[in-house]
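Below is one structure; the comments refer to it alone.
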Amino acid sequence: MDRTTVLSAARLATLVEGFARTPSYAGLATAITLLVGDGRIPAGSRLPSERELGAALGLSRATVTRAYATLVEQRCAEARRGAGTFVRVPAGRARAHDRALMPRPGDHDAIDLGCAATSAPGELAAAYAEAAAQMPAHLGGHGYFPAGLPGLQAAIAAAYDARGLPTDPAQVMVTPGALAAAAVVARAFSGPGERVAVESPAYPNAVDALRHTGARLVELPVDPGGWDLDAVGAVLRRARPRLAYLVPDFQNPTGHLMDDAAREEYAAHLRASGTVPVVDEAHQALALDGQTMPRPFAAYASDAVSIGSASKSFWGGLRLGWIRAPHAAVDRLTRARVTSDLGAPVLEQLVLERLLAGGPVLPGHLARLREQRDTLAAALARELPEWRFRLPGGGLALWCELPAPLGTALVAEAERRGVILTPGPVFAAAGGLDRFVRIPWTRPVAELEEAVRRVAAAWAVVRGSTGAAIGGAPRARVVVA
Ligand SMILES: Cc1ncc(COP(=O)(O)O)c(C=O)c1O
């Protein structure tokens, strides 16, 4: 997926066929942007020379040069001296990489909906004070706990027991967040050339953690309507990957929740292909409608390695997550873990242990998220009636489908108006999905209302500038690699 694709002039001429010629340079630039957004030109591809494309399209070389310059200006392409022009997914100032979510430092001028995380619930300050009072008891020791503070391991194990998955504290390893947990699992069980299946769309940083082991990624489709288990089964039978990274609980970014029957069927497909599920449950505690949650995926797949996080249920600043694994996998995970760190901070572990004693999530936190979700959904329905989204029963974000693959262009325009968002392609392992943007409901209601007003104004601009393309634009597809 990472190799540079070289597009021939003939191929590009076929792809842009029928582009608007009013004027030609602008129509050509728009057509190329839409193709990149839709995934039909992979990001990073080298465009043909101006002369060759001009000849293939019956345009002057100067017109193609102007189209390429427009793409560069709009940050949809990059000109490299002596090497050519390369298309890219435009990145705003907040995104250092095209496909990683990069939390930004606080910016009081912008409404940051790029990072799906809330401020700390009020109870956190007291939990920190109480934990600080417990610290003297720990200061006489070395403070290194590669598996986690025993009290916290026990509290996490008890939370799995309560969800119907009996767990021994020795099966739990505390990590500095769920992303670090995913990186440990990737290092322990994957390597160069190994096949690893990842959902698409999916949380991109975990996908990158898997990719960085040198694994060959295979996409498991998650459709706007949910998991297509027949398609999943077909991919697993064909690729027989070693690992599969799944987010069955309020999937990021779609918000889907996999029901018990689907978990059972999914687990059977994985067993048949000899694939170990890596189940990211970062959003599991965020059920907003009082619903009974399905049993943990690992209850259906005894070899599953589960990942959890304190970031979404309590606060990202705790920087705590965990791995729950079968006993047989713990030693291997511990050896993989100590190559990067030797344990999470003691103070934060004490804080989390205290918080978990009161339950997996604070009731006030859920109430706040519910109100914010409903406010965001109502504002979008009112201001942007041509968009479509499903209202998830939990999690942190709406996955919005636009009437055309303009997500990247919209995000750039919204950023100019002080709203930071993430476009669909960031969540697509192999490109595409520019028909989508993710909008988290993680800010206070007044900010969400204001953000939607600004996004609606940005949409009017983006839609207006490409109005001709909207009707005929092809639908985004979730590509099974
Ligand atoms: C599915 C998923 N996994 C992991 C993480 C990262 O969690 P942590 O802050 O615990 O590293 C996130 C954060 O957005 C997420 O959505």
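Throughout, read-outs are computed from the coordinates displayed, never taken from laboratory work. Everything quoted here is computed from the prediction, not taken from an experiment. FYI the Cβ positions are ideal-geometry reconstructions off the backbone, even for glycines, and counts take in every protein chain you see.
Here are the numbers:
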{"quantity": "Phi to ³J(HN,Hα) by Karplus 6.51 cos²θ - 1.76 cosθ + 1.60 over the range 318-331, Hz, x for Gly, Pro", "calculated": "5, 6, 10, x, 7, 10, 10, 9, x, 3, 5, 9, 5, 4"}
{"quantity": "For the chain, calculated [θ]222 nm from helices alone, where every DSSP H run of n ≥ 4 adds -39500 (n - 2.57)", "calculated": "-12500 deg cm²/dmol"}
{"quantity": "Estimated FRET transfer efficiency (Asp341, Glu383; beta-carbon r; R0 56 Å; 0.05)", "calculated": "0.80"}
{"quantity": "Positive-end residue, the chain charge dipole about Cα centroid, Cβ charges, pick of Ala147, Leu35, Trp322", "calculated": "Leu35"}
{"quantity": "Dimensionless Rg/Rh of the range 325-414 - Kirkwood Rh, Rg from C-alpha atoms", "calculated": "1.17"}
{"quantity": "Beta bridge orientation in the chain: antiparallel %, DSSP, nearest 5", "calculated": "55"}
{"quantity": "Calculated Rg and Dmax of the chain using C-alpha coordinates, Å", "calculated": "23.4, 79"}
{"quantity": "P(r) weight above 13 Å for the range 237-285, C-alpha pairs, percent", "calculated": "58"}
{"quantity": "Kirkwood hydrodynamic radius (C-alpha pairs) into Stokes-Einstein, the range 211-262, 4 °C and 1.567 mPa s, D in µm²/s", "calculated": "107"}
{"quantity": "For the range 200-310, Kirkwood radius (reciprocal of mean inverse C-alpha pair distance, Å)", "calculated": "14.2"}
{"quantity": "Förster-model FRET efficiency, 35 Å R0, Arg61 and Arg417, C-beta, rounded to 0.05", "calculated": "0.45"}
{"quantity": "Order of Phe19, Phe427 under a 10 Å beta carbon neighbour criterion, fewest first", "calculated": "Phe19, Phe427"}
{"quantity": "Separation between Cα centres of the range 107-157 and the range 294-317, rounded to whole Å", "calculated": "18"}
{"quantity": "Part-to-part distance (alpha-carbon centres) for the range 328-404 and the range 70-88, which is given in Å", "calculated": "36"}
{"quantity": "Estimated Rh, the range 121-224: Kirkwood, alpha-carbon pairs, angstrom", "calculated": "16.7"}
{"quantity": "Under the Debye formula (equal points on every Cα, no solvent term), log10 I(q)/I(0) of the range 279-372 at q = 0.14, 0.17, 0.18 Å⁻¹", "calculated": "-0.63, -0.89, -0.98"}
{"quantity": "Where chymotrypsin sites (Phe, Trp or Tyr not before Pro) fall in DSSP loop in the range 166-262, at most 15 other Cβ within 10 Å", "calculated": "none"}
{"quantity": "Alpha carbon convex hull of the range 286-443, projected area averaged over orientations, nm²", "calculated": "12.5"}
{"quantity": "Ascending count of other beta-carbon atoms within 10 Å, so fewest first, for Val361, Val247", "calculated": "Val361, Val247"}
{"quantity": "Charge context of Leu396, other residues only, Cβ under 15 angstrom, K/R +1, D/E -1", "calculated": "-1"}
{"quantity": "With at most 13 neighbouring Cβ atoms within 10 Å, loop trypsin sites (Lys or Arg not before Pro) (DSSP) excluded, longest segment of the chain", "calculated": "94-474"}
{"quantity": "Sequence-distant residues sharing a close amide H with Val419 (under 5 Å, placed H)", "calculated": "Ile111"}
{"quantity": "Proxy reagent accessibility, fewest Cβ within 10 Å first, across Glu386, Glu450, Glu348", "calculated": "Glu386, Glu450, Glu348"}
